[in-house]
Amino acid sequence: MFPNEARYRAGYGQALAQDKDKRHQAESELKEAARLEPKNATFVIILAEFYSDQGYNRRAISEFERALSIDPDNVIAQRRLEDLRV
């Protein structure tokens, strides 16, 4: 309904991620959400969580770092980054 809204794309991506066969499409939707609102760390964190869930820890670390460059005080990104670096 709202394909140009980051919130819609992120929600759709998260829903797609639940289906093993649609994970590539889910990644595309989550990337698009982060692209639509580049100054919103929340969408970058959602993408990072997706990568972490898929076992792509290097990608997840990179995205959590990007989220922190947008919002250095983001506690979620800080904690998840610490967890992945251990």
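The values are calculated or read from the model by the stated rules, or taken from the named source; none is laboratory data. Here the structure is a predicted model, which means the values were calculated and not measured. Note that each Cβ is placed from the backbone with ideal geometry, even for glycine, and that neighbours are counted across all protein chains shown. Calculation scope for accessible area: heavy atoms of the full protein, side chains included, ligands and nucleic acids excluded. Shrake-Rupley method; radii C 1.70, N 1.55, O 1.52, S 1.80 Å.
Of the residues examined, Phe64 is not one that is in a helix (DSSP H, G or I) and in contact (Cβ under 8 Å) with a residue 24 or more places away in the chain.
For segment 30-42, enumerate the residues that are open to solvent by 20 Å² or more (accessible area, probe 1.4 Å), in a helix (DSSP H, G or I) and of a type outside the set (Lys, Arg). Give the steps one after another, and end with the answer.
Of all residues in segment 30-42, those open to solvent by 20 Å² or more (accessible area, probe 1.4 Å) come to 31-32, 35-40, 42.
So of that shortlist, the ones also in a helix (DSSP H, G or I) come out as 31-32, 35-36, 42.
Across segment 30-42, the qualifying residues are Glu32, Leu36, Thr42.
Set side by side, the residues Lys31, Lys22, Lys39 differ, and just one is within 9 Å of the chain's Cα centre (by Cα) and among the basic types (Lys, Arg), which is Lys31.
Does Glu63 satisfy the condition of being surrounded by 22 or more Cβ atoms within 10 Å (Cβ to Cβ), of a type in the set (D, E, K, R), touching a Gly at 6+ places or on another chain (Cβ under 7 Å) and at pLDDT 95 or above? Reasoning before the result, please.
On the way: surrounded by 22 or more Cβ atoms within 10 Å (Cβ to Cβ): yes; of a type in the set (D, E, K, R): yes; touching a Gly at 6+ places or on another chain (Cβ under 7 Å): no; at pLDDT 95 or above: yes.
Criteria not met by Glu63.
Conditions tested, residue by residue: (1) of a type in the set (Asp, Glu); (2) in contact with a Lys or Arg (Cβ under 8 Å, 6 or more places away or on another chain); (3) open to solvent by 30 Å² or more (accessible area, probe 1.4 Å).
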{"position": "Ala15", "(1), (2), (3)": "no, no, yes"}
{"position": "Asp19", "(1), (2), (3)": "yes, no, yes"}
{"position": "Ser28", "(1), (2), (3)": "no, no, yes"}
{"position": "Leu81", "(1), (2), (3)": "no, no, no"}
